[in-house]
1. Residues in the range 182-196 that are open to solvent by less than 20 Å² (accessible area, probe 1.4 Å) and in a loop (DSSP other than H, G, I, E, B): how many?
2. State the number of residues belonging to the range 297-313 that are touching a residue at least 12 places away in the same chain (Cβ under 8 Å) and either more than 15 Å from Tyr220 (Cβ to Cβ) or in a loop (DSSP other than H, G, I, E, B) (or both).
3. Is one or more of the residues making up the range 240-263 out of contact with any Asp or Glu (no Cβ under 6 Å at 6 or more places or on another chain), within 21 Å of Glu326 (Cβ to Cβ) and part of a helix (DSSP H, G or I)?
4. Would you confirm whether or not the range 173-181 contains a residue that is modelled with pLDDT under 95 and open to solvent by 10 Å² or more (accessible area, probe 1.4 Å)?
5. Can you find a residue that is among the β-branched types (Val, Ile, Thr) and open to solvent by less than 10 Å² (accessible area, probe 1.4 Å) anywhere in the range 144-165?
6. So, of the residues in the range 243-294 that are touching a helix residue (DSSP H, G or I) at 6+ places or on another chain (Cβ under 7 Å) and free of Cβ contacts under 8 Å to residues at least 40 places away in the same chain, which turns out to be least open to solvent (accessible area, probe 1.4 Å)?
7. Name the pairs: first residue in the range 77-89 and hydroxyl-bearing (Ser, Thr, Tyr), second residue open to solvent by 10 Å² or more (accessible area, probe 1.4 Å) and part of a loop (DSSP other than H, G, I, E, B), Cβ to Cβ under 7 Å, at least 6 apart or on different chains?
8. So Thr127 ticks every box in (1) touching a strand residue (DSSP E or B) at 6+ places or on another chain (Cβ under 9 Å); (2) β-branched (Val, Ile, Thr); (3) surrounded by fewer than 19 Cβ atoms within 10 Å (Cβ to Cβ) but one. Which box is left unticked?
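The values are calculated or read from the model by the stated rules, or taken from the named source; none is laboratory data. Since the model is a prediction, treat every value here as computed from it, not as a measurement. Here the Cβ is made from the backbone with ideal geometry for all residues, glycine too, and neighbour counts use every protein chain on show. Ligands, DNA and RNA are stripped out before the accessible areas are found, and what is left, the full protein with its side chains, is counted by its heavy atoms. Shrake-Rupley method; radii C 1.70, N 1.55, O 1.52, S 1.80 Å.
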Amino acid sequence: MKPMISPLVSLNRRDFLLRSAGLTALGLVTGRRLLAQAAASTPSAASVAAGLAKPPPVTPEFRLLRRNVGLFTARGGTIGWLAAPDALAVIDTQFADTAALCLAGLPGRGDRTIDLVLNTHHHADHTSGNGVFRPVAKTIVAQAHVPALQRAAAERAKPSTVDQQVYADTTFAEAWRMELGDEVVSARYFGAAHTNGDAVMLFEKANVVHLGDLVFNRIYPVIDRVAGGSFRHWIVVLEKIAREYPSDAIYLFGHGNSKFGVTGQRTDLLVLRDYLVSLLEHVQAQIAAGKSKEEVSTMENFPGFPDFHQPLPNRLGSNLGAAYDELTQTGAFR
């Protein structure tokens, strides 16, 4: 049975969020490393980006959505594109090998310059192709936190990937907008969520919204607490987007399961919102019952959200552990 999706968080859930934001720390615990974005049976994004593993085979796809705007999927986060007679733009760049496929197959490009490349956030499966686009692009744009987060992640990689990074040369704090031919591209930052640098990108006339990893469509998400991610504020961000962006937009998601895919409607944001609220409620109840992080994190699949279910190993354990950390640690990102 699919979860019921309400247009707004119910009063008791809203009260829960407000109460949990002021929780006294119950004790510091050692954080565990986030699971890789790929399944354990496939090379991790970090190992591929660092050249330590052979990339898995891909089947690239270009799909036109409407009004010269489309998507590209291969490996990594979904790429959005604008390919109009008078403008070319790309949102996110995946990895170097798949970025090359996107660049080569971008409809109508020929040898034209790319007017604009945008990064929704800093993760390697969304920015490792920046170097492929940089020589043929006029500018790369990202939220102001992204270059520093990207560098810090590259420094933590083993081995370091700092020398492989290409950073945005144009950044914005809260909002950015640019006219491209007869299209307008805009970006907004709503605060910490999946990371502390996620931006929502909009092709205004085509009415296509690219959310990057603010939405994992019916799969257990990744949260990067090291990069300022916050489950509690992620809920707030999803609600703001659902209120402020059009109900008839096509929404692009960074990742999605095979049944639901990487496109959807505004209501799909609320599915993830409801999962995050339920996750925090569950973990808070477990903490109140005196359970340890290790005990809290042992669950194969989360009840009430069957569309998310995957056999082990999956990301639910890391979601539960990250929620435990956020609800118990002093100074957790709010």
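1. Residues flagged as open to solvent by less than 20 Å² (accessible area, probe 1.4 Å) and in a loop (DSSP other than H, G, I, E, B) within the range 182-196 amount to 5.
2. 11
3. Applying the first criterion (out of contact with any Asp or Glu (no Cβ under 6 Å at 6 or more places or on another chain)) to the range 240-263 yields 240-253, 255-263.
Okay, now just the ones that are also within 21 Å of Glu326 (Cβ to Cβ), so 240-241.
Pick out the ones that are also part of a helix (DSSP H, G or I) and you get 240-241.
There is at least one residue in the range 240-263 that is out of contact with any Asp or Glu (no Cβ under 6 Å at 6 or more places or on another chain), within 21 Å of Glu326 (Cβ to Cβ) and part of a helix (DSSP H, G or I).
4. So far as the range 173-181 goes, yes, one or more of its residues are modelled with pLDDT under 95 and open to solvent by 10 Å² or more (accessible area, probe 1.4 Å).
5. Let us first name the residues in the range 144-165 that are among the β-branched types (Val, Ile, Thr), namely 146, 161-162.
If we keep only those that are open to solvent by less than 10 Å² (accessible area, probe 1.4 Å) as well, we get 146.
Checking the range 144-165: at least one residue is among the β-branched types (Val, Ile, Thr) and open to solvent by less than 10 Å² (accessible area, probe 1.4 Å).
6. Step by step, filter the range 243-294, then rank; the result is Gln286.
7. Close Cβ pairs satisfying both conditions: Thr78/Val262.
8. (3)
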